[in-house]
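To start, the structure under review is shown below, and the notes come after it.
Just so you know, all these numbers are worked out from the coordinates, no wet-lab data involved. If you're wondering where the values come from, they're calculated on a predicted model, not measured in any experiment.
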Amino acid sequence: MLTRCEEIMRDVCESFGAQLREFKGEGDHVHLLVHYPPKVALSKLVNSLKGVSSRYLRAEYTDHINQIGTGSVFWSPSYFAGSCGGAPLSIVKDYIETQKRPA
């Protein structure tokens, strides 16, 4: 499901003229490194990432999601976004790459 989530989120980013540079997921959240143009409102990008991925994943993994029991909510209404303009991209990529992915 994480592989499919990454594909969906990559497509959403491209539709905004953005690039999904790194993606890692855990059991209850994902880490994204996105390069997006200044004209894009971050809140709209995140809303689309969460909304589109939720619709597709719910449709494609209905049985699995029903077993988990998330109810009507797939993603938390909150998100964390940090700017990494001052940090070398390699450091941020290393951080995301070291996040664990469930087996």
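Odds and ends about this structure:
- A helix-only calculation puts the chain at -15000 deg cm²/dmol for mean residue ellipticity at 222 nm, using -39500 (n - 2.57) for each DSSP H run of at least four residues, averaged over all residues.
- Listed by number, the DSSP H helices of the chain that run 24 Å or longer by alpha-carbon position along their axis and have mean Kyte hydropathy of at least -0.5 are 42-60.
- Calculated Rg and Dmax of the Cα atoms in Å (choose from (i) 13.9, 40; (ii) 16.4, 59; (iii) 14.0, 43), label: (iii)
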